[in-house]
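A short reminder: the numbers here are calculations on the coordinates, not readings from a lab. Fair warning: this is a prediction, and the values are worked out from it, not measured in the lab. Heads up, the Cβs are rebuilt from the backbone with ideal geometry, glycines too, and the neighbour counts pull from every protein chain shown.
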Amino acid sequence: MPTELAPAKVNLYLHVTGRRADGYHLLDSLAVFGPAADALALAPADDLSLALDGPFGAALAAEPDNLVLRAARALAAAVGVPARAAMVLTKRLPVASGIGGGSADAAAALRGLDRLWGLGLGEGRLAEVAAPLGADIPVCLASRPARMQGVGEVLLPAPALPRCGLLLVNPGVALPTPAVFKARQGGFTPPAELPAAWPDAAGMARDLAGLRNDLEPPAITLCPVIAEVLAALRALPGCLLARMSGSGATCFGLFADAAAAQSAARLLPSGWWREAGGLYGGAA
Ligand SMILES: C[C@](O)(CO)[C@H](O)COP(=O)(O)OP(=O)(O)OC[C@H]1O[C@@H](n2ccc(N)nc2=O)[C@H](O)[C@@H]1O
Ligand SMILES: Nc1ncnc2c1ncn2[C@@H]1O[C@H](COP(=O)(O)OP(=O)(O)OP(=O)(O)O)[C@@H](O)[C@H]1O
């Protein structure tokens, strides 16, 4: 069966730059992808169905409105075709964890159905269908490093990224995105100034250290174990930077390469979900 990968989105920094009249927040964020991914298999069928498996499949079994099905129905309605496909989602990313799992799955569904239904819409038109379904879906469509602005729908080129390693760690507590935005206090942070390229991971970490994730303080208030995860990451050999991704609770450590991230992963306390490797589509 043709399969689409749905890699985790990691926000290397996230500045909340303002707030729209409808309550949505304006962001400036650098999103990268990897090293963990869900997978969505798609086959022709007479109706629309979704089966779940993988370590976090059970966590979504009671979800009445999986984002994959919502994306499929939205695409079918937008182009006026019947929504028909048999899909199997292998859920390896923790749910409600700040690494855009649901958005990556929805994006994988849009890419896979564009192919299965022979629509040939491509990224631009798919992004229009995607935007109302979730702020993170447009960036997940390409799954390429990108600078996100607006409420997530404005995608600008990312600086050229060096070889580096990422270690993702989640303490097993689901954190709903709206609650974290609601708990945020204080004003806004201006957009970052980024270079055109980072020659190495250490230089990238130095620049990122001057930036922040504005959702980290409110997320720690709601879920204090995030502070323990960050402290554990910072204590690992070779960790160049540790920060929370998105609205949490997943945090990432930045390393010189995939091998350094993978060896450090073995030193973390057991019981926390972790995945280590290089950037999706990048050098290891
Ligand atoms: C924090 C990020 O993960 C950064 O990549 C995303 O902006 C969140 O993306 P997402 O999970 O796809 O978010 P959505 O499903 O669109 O929105 C969930 C809720 O988060 C809040 N929200 C989300 C995105 C945004 N730019 N401003 C917001 O205030 C809103 O309360 C919204 O109702
Ligand atoms: N395929 C899916 N995978 C995960 N969550 C889904 C899915 N479909 C629907 N949902 C719902 O969406 C909510 C948010 O899930 P998701 O895992 O995308 O959050 P997140 O990782 O915090 O995302 P983000 O980083 O975009 O804020 C879940 O609590 C769940 O109820």
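For the stretch 70-87, the Karplus equation 6.51 cos²θ - 1.76 cosθ + 1.60, evaluated at θ = phi - 60°, returns couplings of 4, 5, 5, 5, 5, 5, 4, 5, 5, 10, x, 10, x, 7, 10, 5, 9, 10 Hz by residue, with Gly and Pro reported as x.
Annotation: amide H-H contacts under 5 Å for D53 (H modelled 1.01 Å from N, sequence separation of 5 or more, or interchain): L89, T90, K91. Inverting the pair-averaged 1/r between distinct Cα atoms of the stretch 159-278 gives 14.9 Å as its Kirkwood hydrodynamic radius.
The alpha-carbon atoms of the chain, seen along their principal axes, cover 53, 42, 36 angstrom, with the largest extent given first. When only the Cβ of Lys, Arg, Asp and Glu is charged (+1, +1, -1, -1), the dipole of the stretch 3-156 relative to its Cα centre reaches about 260 debye.
When only alpha carbons are used to place a centre, the stretch 138-208 and the stretch 46-66 end up 28 Å from one another.
For W273, the residues whose modelled amide H falls within less than 5 Å of its own, excluding neighbours fewer than 5 places apart on the same chain, are N170, G172. Amide H to amide H distances under 5 Å link R243 with F252, where only residues 5 or more positions off or on other chains count and H is placed in the peptide plane. A simple charge model with +1 on the Cβ of Lys and Arg, -1 on the Cβ of Asp and Glu and nothing else charged puts the dipole of the chain at about 320 debye relative to its Cα centre. If only the Cβ of Lys and Arg carry +1 and only the Cβ of Asp and Glu carry -1, the dipole of the stretch 118-189 around its Cα centre is close to 220 debye.
Ranked by the mean number of other Cβ atoms within 10 Å of their residues, highest first, the peptides 249-259, 185-195, 221-231, 73-83 come out as 249-259, 221-231, 73-83, 185-195.
Two numbers describe the Cα atoms of the stretch 3-156: Rg and Dmax, which are 15.0, 46 Å.
Each Lys or Arg adds one and each Asp or Glu subtracts one; over the other residues with Cβ under 13 Å from the Cβ of G165, this totals -1. Positive contributions from Lys and Arg (+1) and negative ones from Asp and Glu (-1), summed over other residues with Cβ under 15 Å from the Cβ of P199, come out at -1. For L75, neighbours were defined as the other residues whose beta-carbon sits under 14 Å from its Cβ, and their charges (Lys and Arg +1, Asp and Glu -1) total +1. The fraction of all Cα pairs in the stretch 114-198 landing in successive 5 Å bins from 0 to the largest distance is 3, 9, 14, 17, 19, 19, 12, 5, 1, 0, given as whole percents.
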